[in-house]
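Shown next, in structure tokens, is the structure this report addresses.
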Ligand code: CTP
């Protein structure tokens, strides 16, 4: 059955060689039932003519802000409102930079600013351009704002080099779009996610904390929402916007996070603990600022509750997923945590000075009682989609095992 029936897809095409695949993308989107309107940037029109897109989409193509007759029939604001989804494929490095900067200097960027619809981009560029810190920054900013990235894939490039930067194939793009929302695999299910660090007060102006940007947890919450779930994200103090469709419940300390999780848990089908909860807190936080004295100072710390282990031990437990950030013996340490905390699955990653923290990309290995899956590397948004896909598979497998 067509999976995009009745969906209004606004396809933006920017000026990269991969644009030659975009007419095929239009054809495949329409085959899934979508209505497609195409907007070209001026440089895209150098690669593929508007006429080609008009023929395959069945609608006139827009390629500028200043076409008075096109504006009269459907203004750019109407077009932005018409869209249920804005898909930009291929998205060049230049386009990603302009989108990240919030520019509105051509029709496509203007539409992206004016639309309330989700934006999905399929980047395509030379591998060095994709790896450039400027592009990494732009991609991070876009992902943090809820823009969904599809790919890029790796392989042979038009420039003759081999590496990451190829646009995903049209059929892969359509398959990725056809999943989410009300028909997603987690539709109708409640998911609770923890993310970010906790802060454990020492006195009114000082605290103990863990190093954590919260990005992985936020990406997991966003991926669960894309899979159709109702998501409560219990979040320590981080500098990230709420992902689209996700309800954020702020919690500063481990004890506040535990209370918020307990309140959200009834009815949840899945709990993912991605927060970097402080294992200890000061035993006697001072009511007033502690003054320095000569000599050393000893802090007395007491254990914080283990939120993840408590959820796993609760009577009506959901499917429970933890994270293990390890500097060494990653899989062996993660498997110990999986067993000690009685989790259904654990996602392990290596952390250290050069990986894991405050970055947009990561690499994960998932472990469960009798299996493992390498989820590979990639931007956190994409890894989170893969992790949620695997969790859905494992949830189904464990229900089948319980039923038989
Ligand atoms: N976790 C939790 N509550 C805590 C501590 C950790 O929910 N008080 C969760 C984290 O969200 C994560 C997992 O447990 O999913 C991490 O396990 P943990 O054993 O606490 O990791 P570390 O703190 O890194 O443990 P260690 O220092 O022993 O390696």
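Between 0 and 90 degrees, the angle of helix 330-340 with respect to the longest Cα principal axis of the chain falls at about 60 degrees. Rounded to the nearest 0.05, the FRET efficiency derived from the C-beta distance between residue 66 and residue 300 at R0 = 60 Å is 0.30. Sketch the reach of a paramagnetic label on residue 206 as a point 7 Å from Cα along Cα-to-Cβ, and name the residues of segment 273-317 whose backbone nitrogen lies under 15 Å away. Output list for this probe position: 281-301. Considering only segment 183-403, what is the antiparallel percent among its DSSP beta bridges, to the nearest 5? In segment 183-403, DSSP labels about 40 percent of beta bridges as antiparallel.
Relative to the longest principal axis of the Cα atoms of the chain, the long axis of helix 380-403 makes an angle of roughly 70 degrees.
Over what distance in Å are the Cα centres of segment 98-165 and segment 275-310 separated? With segment 98-165 and segment 275-310 each reduced to a Cα centre, they are spaced 43 Å. Prolate is the label for the chain, because a/c, from the alpha-carbon gyration tensor with a ≥ b ≥ c as root eigenvalues, is 1.5 or above and a/b exceeds b/c.
With the simple model of a label 7 Å out from the Cα in the direction of the Cβ, residue 73 to residue 331 spans 5.9 nm.
The residue 161 and residue 386 beta-carbon pair, evaluated with R₀ = 30 Å, returns a calculated FRET efficiency of approximately 0.70. For segment 183-403, a/c is not less than 1.5, where a ≥ b ≥ c are the root eigenvalues of the C-alpha gyration tensor, and a/b tops b/c. That puts it in the prolate class. Counting neighbouring beta carbons within 10 Å and listing from fewest to most, the residues 319, 53 come out as 319, 53. The per residue volume of the convex hull around the alpha-carbon atoms of segment 163-298 is 152 Å³. The ranking of 351, 302, 26, 246 by Cβ neighbour count inside 10 Å, starting from the fewest, reads 302, 351, 246, 26. Which of these, 128, 11, 390, has the largest mean-square fluctuation under a Gaussian network model of the chain (Cα springs below 10 Å)? Evaluated over the chain, the most mobile residue of the options is 128.
Remark on segment 37-177: ratio of C-alpha radius of gyration to 2.2 N^0.38 Å is 1.05.
If both residues of a DSSP beta bridge must be in the chain, then about 35% of such bridges are antiparallel. Counted by neighbouring Cβ atoms within 10 Å, the residues 395, 74 run from fewest to most as 74, 395. Determine the calculated [θ] at 222 nm for the chain from helices alone, applying -39500 (n - 2.57) to every DSSP H run no shorter than 4 residues and normalising by the residue count; nearest 500 deg cm²/dmol. Rounded to the nearest 500, the figure is -10000 deg cm²/dmol. Site pair residue 101 and residue 342 shows an inter-label distance of 5.6 nm when each label is modelled 7 Å from Cα along Cα→Cβ.
Every number in this text was worked out from the coordinates using simple rules, so none of it is lab data. The structure displayed is predicted, hence computed values, not measured ones. A quick note on method: Cβ atoms are made from the backbone with ideal geometry, for glycine too, and the neighbour counts reach across all protein chains shown.
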